[in-house]
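Take a look at the structure below.
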Amino acid sequence: MSDLTRMSAAELAGVIKRGEASAVEVTTAHLDRISAVDERVHAFLHVDREGALEAAAAVDAGDRTGPLAGVPIAVKDVIATKGVPTTAASKILEGWKPPYNATIVERLQQAGTVMLGKTNMDEFAMGSSTEYSAYGPTNNPWDLGRIPGGSGGGSAAAIAAYEAPLAIGTDTGGSIRQPGAVTGTVGAKPTYGGTSRYGLIAFSSSLDTPGPCARNVADAALLHAVIAGHDPRDSTSIPQPVPDVVAAARRGADGDLTGVKLGLVKEFAGDGSEPGVLGAFRESLEALVKLGAEVVEVSCPHFGYALPAYYLIAPSECSSNLARFDGVRYGLRVGDDGNRSLEEVMSLTREAGFGPEVKRRIILGTYALSSGYYDAYYGQAQKVRTLITRDFQSAFEQVDVLVSPTTPFVAFPFGSRTSDPYQMYLADLFTIPTNLYGGPAISVPCGLSDGLPVGFQVMAPTMADDRMYRVAAALESAVGTLTPPEL
Amino acid sequence: MAAISREEVAHLARLSRLAVTEQELDQFAGQLDVILQSVARVGEVAADDIPPTSHSVPLTNVYRDDVVQPSLTQDEALSGAPDRTDDRFRVPRILDEEV
């Protein structure tokens, strides 16, 4: 049998179903791989060896018909897993074991997946490099001296390093797609409300969207289908059927895009992408044209204001959401010496428990929401959000999907953007508009620039997630998947 | 001109219950100033007649039927507490004890 860790999720599901390998063998192979490489990659914050082997044994003992029965998966540490440490990569939640599972985790269990552990991320999902993890960064398997993207760098690196075939990420401003792009993997942000947020540690509630990470488009679609769908425990969950993303990916893999119109956003053209990124993007666009697609230039005049609007809306929501970390109900408590007041203990706890980026965003959000500044900052950002939504809606009257590079630059070296936070924010320049609009978008590998992966982004209308899978699978059929150098 | 002063950052940190250090104040004030000058661009868009969007899903309140659902036990709910007394979260004093 060839190396089980090199197989796709679909292949593994088949191998297990046919009895060619047991779920325990598949899980053990991945746990061994983690033991062999994760000291260098640091994709995982916690490996649940015992729990994984138990879940795999249960698959072997019983039902093997679930769509992903026995397939290992890694879960971003911002998602609550019952009895398994969940920290959001923050010191303030060190050692916390949630008393319940996120809806997504329940669905993963029902589908028969085997959770290997929890992946590293920027603290509370705020960042683009995992450098803001309180537990040290994840290293990009393509070049261990470079960032794996963020916030979900651990999930992306885990699958790029063959430690898991699948992973779950969350995308608030690009945290699934940008790590996908810089690690040469596939990352999809579903329509907002298409996947449940119940059990997700909230960062920016109007933007947070969990979604799949995989090494190919078909696997991402399989995982998407498992986790998506209405959840009565999330009041912003959309009570509509999930588009058939698996069928769409299959259709796209046939490599025929006749009649499909791709919109090229005019306003993205001058926005400082590296030449190598632009080159790979343009070549991919030509490949799609050869498959029958038509390219139409469209104007989205307010996209240039998406980044500023996002960095007002997301910090505002974060300043409110993170108020729950008060040293009372869970997590860290500092300075409770019997003399200090609740307020003093709270301030000392939050000071000790939060890292610099989280503090910056809490302060920024508190500022944007304070009286006197509310209208000029938060209120105006919400109006810009309306205008960006209108830009998307009018673009989708002319084209089926919008396309762009996923991120303006390839994986950058550690430390090169941490001193100036705004330079880090630019990593999300092309991914943020989608979050403000609420539509789905996917990043798919489209080539290399100086030996490092470049991502191609496909954005679709809300609840048309199937459309982006079709185009992404077609591109994959033309340019292939990427394989990182041996670790 | 700076968009935000060191004193304002100190005030916001107090409001946010963050006992920031002097060194952090120096660092954050400069960084937040750069960020604020960049994000202030949202004000360039003339949007007087544009309604705000708080959420991409058109929201109305979602209710469920008023029937008992499974929920956490008291022990489960208290399982992550840094400190507890009997079946309650224990907190530091809230009022001054000058009685």
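Each value in this text was obtained by applying a stated rule to the coordinates, not by laboratory testing. Keep in mind that what you see is a predicted model, and the values were worked out from it rather than measured. Note that each Cβ is placed from the backbone with ideal geometry, even for glycine, and that neighbours are counted across all protein chains shown.
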Dipole magnitude of the range A:296-351 about its Cα centre (Cβ charges: Lys, Arg +1; Asp, Glu -1), debye to nearest 20: 120
When only C-alpha pairs under 8 Å and at least 6 residues apart count, what is the relative contact order of chain B, in percent? 18
If you project the alpha carbons of the range A:340-435 onto their three principal axes, what span does each projection cover, largest first, in Å? 62, 39, 18
With the cut-off at 21 Å, report for the range A:17-90 the share of all Cα pairs above it, as a whole percent. 33
Starting from the Cα coordinates of the range A:181-222, work out the convex hull volume and express it per residue in Å³. 91
Diagonalise the Cα gyration tensor of the range A:232-365 and give the resulting equivalent ellipsoid semi-axes, square root of 5 times each eigenvalue, largest first, whole Å. 47, 22, 14
10 Å Cβ neighbours from other chains, averaged over peptide A:303-312: 4
With an 8 Å Cα cut-off and a minimum separation of 6 or more residues, compute the relative contact order for the range A:4-250 in percent. 18
0 to 90° range, to nearest 10: angle between helix B:22-39 axis and chain B longest Cα axis: 60
Three-way shape label, the range A:1-147, alpha-carbon gyration tensor, a/c 1.5: oblate
Restricting the range A:12-72 to trypsin sites (Lys or Arg not before Pro) in coil, as DSSP defines it, with at most 14 other Cβ within 10 Å: A:Arg18
What does the structure give for A:219-232 when I average, per residue, the other chain Cβ atoms found within 10 Å of the residue Cβ? 0
Determine, at each q value in 0.11, 0.15, 0.20, 0.22 (inverse angstroms), the log₁₀ of I(q)/I(0) that the Debye formula gives when each Cα of the range A:83-200 is one equal point scatterer. -0.33, -0.64, -1.15, -1.35
What order do you get for B:37-49, A:109-121 when each peptide is scored by the mean count of other beta carbon atoms within 10 Å, highest first? A:109-121, B:37-49
Do you know the relative contact order of the range A:395-482, to the nearest whole percent, from alpha carbon pairs under 8 angstrom that are 6+ apart? 33
So what's the Cα pair-distance distribution over the protein assembly as shown, bin width 20 Å, in %? 22, 56, 21, 1, 0
Evaluated at 20 °C and 1.002 mPa s, the Stokes-Einstein D of the range A:4-250 based on the Kirkwood radius over Cα pairs, in µm²/s, stands at 125
What helix-only [θ] at 222 nm does chain A give? Using -39500 (n - 2.57) per DSSP H run of at least 4, over all residues, to the nearest 500, the answer is -12000 deg cm²/dmol
Please report the spacing between the Cα centers of the range A:117-133 and the range B:25-51 in Å, no decimals. 25
Pairs beyond 32 Å (Cα-Cα), from A:Lys17/A:Lys189; A:Lys266/A:Lys383; A:Lys118/A:Lys266; A:Lys91/A:Lys266: A:Lys118/A:Lys266; A:Lys91/A:Lys266
Compactness of the range A:408-476 - radius of gyration and Dmax, Cα, Å: 14.1, 40
Average beta-carbon neighbours from other chains, 10 Å sphere, peptide A:93-104: 2
Honestly chain B on the Cα gyration tensor test (a ≥ b ≥ c root eigenvalues; a/c under 1.5 rounded, otherwise a/b vs b/c for prolate or oblate) is just oblate
Charge-dipole axis of the protein assembly as shown as Lys and Arg at +1 and Asp and Glu at -1 on Cβ define it, positive-most pick from A:Ser320, A:Ser416, A:Gly255: A:Gly255
